[in-house]
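Contents: one structure, followed by commentary.
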Amino acid sequence: MRGGTHPVFLSKFCGVVTMLSKLRGLALKKTGVEERIFKHTVILRVNLFLMILYFIIFTVLSALFHATQGAIFGGSGLFLMSLLLYATYRGWSNVAAEVYCILLSAVSMCVSILYGSGASPMIILLIQIMVLFTVNLLNLRNRLAFTAMLVAYYLFLFNFMEMSTPVYALDDLELNLFRLLHIYTGAFITFGIMGVTTVDSQLWEKDLIERNASLRTLAAYDSLTGISNRTAIMEMLNKATELYRKARMDALTVAIADIDFFKKVNDTYGHICGDIVLKEVAFLMRDFMEDKGKVGRWGGEEFLFIFYNMNGEQAERELYDLQSKLRNLVVNYESYSFSVTLTFGVAEYSSVRDVIDTIGEADRKLYMGKQSGRNVIVF
């Protein structure tokens, strides 16, 4: 007997999960909804879903207690809430929210007239205020003014209920059922709003993190070649010098490279071809430096290399290897094929001088290489 109840329970549980999943899909559906008001639309839909459920239960209870007018009111409320829910899928979320907020005042009035204050219709005031401050209808000043009007309205309603006799005199059990209906409706709407707001905040935070990461990537890499830009490679060099000063690095060498006769490439084949040359050379350099250090675009057709744990002689030998690989690089553009060469200036860093002086020395040696015929490494 016990074993037979498990499949039934599991089937019911799966049915509830499926139903909740479908409701979630309906709440998050973006039909006719602008991105900037999507969160407010989801909050409104959650409210309307729960108010539809509220009116279904309200109608059933009214019918059970033979409150004909209450059942008619419940059916009317069910129809209006369903109509407003439909409006959110037609791009009329703002109008639906305004009508919904006004209708809640009418709901509290009708419940008060039908069943009196014992049914706790005042809870609807809290729902109105929550909707007012979570759905983007008015600016803050107007929201505060509308809230003051609501409080005044409910004070009037409370006095009205105290002085008048409800249409239906319900016993304590029946009033308790309506009271619980209002309490649980208010609670579920509160949890629903909190849930949507929390999830939206998490998504916003995640999106912000991703955007910041994207901005950092854009700020650190050269848009044409995909390797580090001047700012990023300079930051890497400064960090490397700090490690060197703290004796966490045995040696540090800097090199500057310049593509030979690059202006001639642009003038002969065009700037598009020049961009292709820069990309091809940068890709080769990046792969070559993967386990040796870093390379970045210094500006124009110049590149700056950082060799970690290598003195000048070691870096020079590595650059001869790179130079031989560059000789095998053939650039194809339209019907043209040609090779490119680079000139290098190398300088070993020392803690007794500034890093800018090291870069300046490498740059002077690069100039010496160009003066001596290019396609050389000067250390």
Picked from region 269-294 (must be crowded, with 20+ Cβ neighbours inside 10 Å and β-branched (Val, Ile, Thr)), the residue nearest to SER350 (Cα to Cα) is VAL281
Being part of a helix (DSSP H, G or I) and buried (at least 18 other Cβ atoms within 10 Å of the Cβ) is the filter here, so list the residues in region 119-132 that pass it. ALA119, ILE123, ILE124, LEU125, ILE127, GLN128, MET130, VAL131, LEU132
Return yes or no: is ASP250 assigned to a loop (DSSP other than H, G, I, E, B) and either out of contact with any strand residue (DSSP E or B) (no Cβ under 6 Å at 6 or more places or on another chain) or closer than 26 Å to ARG364 by Cβ (or both)? yes
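May I ask you to list the residues in region 233-268 that are among the hydroxyl-bearing types (Ser, Thr, Tyr) and either over 30 Å from SER339 (Cβ atoms) or open to solvent by 10 Å² or more (accessible area, probe 1.4 Å) (or both)?
Narrowing region 233-268 to residues among the hydroxyl-bearing types (Ser, Thr, Tyr): 241, 244, 253, 268.
Across region 233-268, the qualifying residues are THR241, TYR244, THR268.
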Within region 148-171, considering residues that are touching a residue at least 40 places away in the same chain (Cβ under 8 Å), in a helix (DSSP H, G or I) and not hydrophobic (A, V, I, L, M, F, W, C), the one farthest from MET51 (Cα to Cα): GLU162
Failed item, numbered, when ARG317 is tested on (1) surrounded by 15 or more Cβ atoms within 10 Å (Cβ to Cβ); (2) modelled with pLDDT of 95 or more: (1)
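Among strands (runs of 3 or more DSSP E) lying entirely in region 292-379, which contain 1 or more residues that are of a type in the set (Val, Ile, Thr) and touching a helix residue (DSSP H, G or I) at 6+ places or on another chain (Cβ under 6 Å)? Working first, answer last.
Numbers: elements: 293-299, 302-308, 330-333, 336-339, 342-348.
Qualifying strands (runs of 3 or more DSSP E): 293-299, 302-308, 330-333, 342-348.
When you check PHE55 against the structure, is it more than 17 Å from MET194 (Cα to Cα), of a type outside the set (Lys, Arg) and modelled with pLDDT of 95 or more, yes or no? It would help to see each step written out before you state the result.
Working: more than 17 Å from MET194 (Cα to Cα): yes; of a type outside the set (Lys, Arg): yes; modelled with pLDDT of 95 or more: yes.
For PHE55, the condition - more than 17 Å from MET194 (Cα to Cα), of a type outside the set (Lys, Arg) and modelled with pLDDT of 95 or more - is met.
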Consider only pairs whose beta carbons are under 7 Å apart and that are at least six residues apart or on different chains; among these, list those whose first residue lies in region 338-367 and is crowded, with 19+ Cβ neighbours inside 10 Å and whose second residue is among the basic types (Lys, Arg). THR343/LYS370; THR343/ARG374; GLY345/ARG364; GLY345/LYS365; VAL346/LYS365; ALA347/LYS365
Extreme residue, nearest to ILE102 (Cα to Cα), among residues of region 62-74 that are open to solvent by 30 Å² or more (accessible area, probe 1.4 Å) and touching a residue at least 12 places away in the same chain (Cβ under 8 Å): PHE73
I'm trying to understand the selection: among the residues of region 321-360, which are at pLDDT 95 or above and aromatic (Phe, Trp, Tyr)? PHE344, TYR349
Going through region 88-110 in order, the residues found to be free of Cβ contacts under 8 Å to residues at least 60 places away in the same chain, of a type in the set (Gly, Ala, Ser) and buried (at least 20 other Cβ atoms within 10 Å of the Cβ) are ALA96, ALA97, SER108
Only residues that are surrounded by 15 or more Cβ atoms within 10 Å (Cβ to Cβ) and in contact with a Ser or Thr (Cβ under 9 Å, 6 or more places away or on another chain): list them for region 159-185, please. MET161, PRO166, TYR168, LEU175, PHE178, ARG179, LEU181, HIS182
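The values are calculated or read from the model by the stated rules, or taken from the named source; none is laboratory data. Since this is a predicted model, take the numbers as computed values, not measurements. No Cβ is skipped: glycine too gets one built from the backbone with ideal geometry, and neighbour counts run over all protein chains shown. Accessible surface is based on the protein model in full, side chains and every heavy atom, while ligands, DNA and RNA are left aside. Shrake-Rupley method; radii C 1.70, N 1.55, O 1.52, S 1.80 Å.
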